[in-house]
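The values are calculated or read from the model by the stated rules, or taken from the named source; none is laboratory data. Just so you know, these numbers come straight off a predicted model, no measurement behind them. Every residue, glycine among them, receives a Cβ derived from its backbone with ideal geometry; neighbour counts consider all protein chains shown.
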Amino acid sequence: MVKRCIMIFPKFNNMKAIDAIREKYDPLAKNVAPHITLVFPFISDITSEDLKNHICKCLSGVNNAFPIMLKGVVSTTYTGNYLFLNILKGKEEIIELHKRLYCEILEEFMPPWLRKGNYFPHMTIGNIEDSELFKSAVEETKDFCESFQTMVDGISVEIIDENEDSIIEFHFNFNSERGHL
């Protein structure tokens, strides 16, 4: 059984601003690069080959990179105390990728809260268990208004090891039928 996740790893020129907040508020900042989750962590015995074939099928027809822009911090307590970097541009494309991937062999791994259509594309920049610290983090980040822009040209499959470290298993470019190991 392998624990995996499917994500977008955007590269921004001003990534240090995201890293600074994550280092302070996200316990996984040292384990995984800033990302946008498309398929949330799941444990399965799906082979790499079967997963590659599924993703190739799901990405059929997705041939172009698309722009994204993230700006503004959103806080939520829906599934924990989280700080999200809001996605202002590219949200529809990300939702479409999310929907395409959560079918067939991955459908059973969709978390119950997502089955209600509650997917909100975002980049997690904080996960704070203590409610008082969370309130303080919300206050501290409420005026954070830096803008982050880039092109998304593919998705990555990561393996999450026993230490919660991210190991990229393979990457898919939208304009390619094959992933890269």
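Here are the numbers:
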item	result
Qualifying residues in segment 162-181 (those that are under 16 Å from L97 (Cβ atoms) and touching a Cys at 6+ places or on another chain (Cβ under 8 Å)) - the one modelled with the lowest pLDDT	G179
Condition broken by F40, with the remaining ones in (1) in a loop (DSSP other than H, G, I, E, B); (2) in contact with a Pro (Cβ under 6 Å, 6 or more places away or on another chain) satisfied	(1)
Residue within segment 78-96 that is within 26 Å of N173 (Cβ to Cβ), touching a Cys at 6+ places or on another chain (Cβ under 7 Å) and not polar (S, T, N, Q) present	no
Sole exception among (1) within 23 Å of V32 (Cα to Cα); (2) in contact with a helix residue (DSSP H, G or I) (Cβ under 6 Å, 6 or more places away or on another chain); (3) aliphatic (A, V, I, L, M) for I105, by number	(1)
Some residue of segment 52-67 being in a helix (DSSP H, G or I) and buried (at least 19 other Cβ atoms within 10 Å of the Cβ)	yes
Conditions (1) touching a residue at least 40 places away in the same chain (Cβ under 8 Å); (2) under 24 Å from L114 (Cβ atoms); (3) over 16 Å from the mean Cα position of the chain (by Cα); number of the one not met by N64	(2)
Selection status of L38, at pLDDT 95 or above and within 30 Å of E162 (Cβ to Cβ)	yes
Criterion: at positive phi, in contact (Cβ under 8 Å) with a residue 12 or more places away in the chain and part of a loop (DSSP other than H, G, I, E, B) - qualifying residue of G80, G72	G80
Within segment 118-159, tally of residues that are surrounded by fewer than 20 Cβ atoms within 10 Å (Cβ to Cβ), small (G, A, S) and outside any strand (DSSP E or B)	2
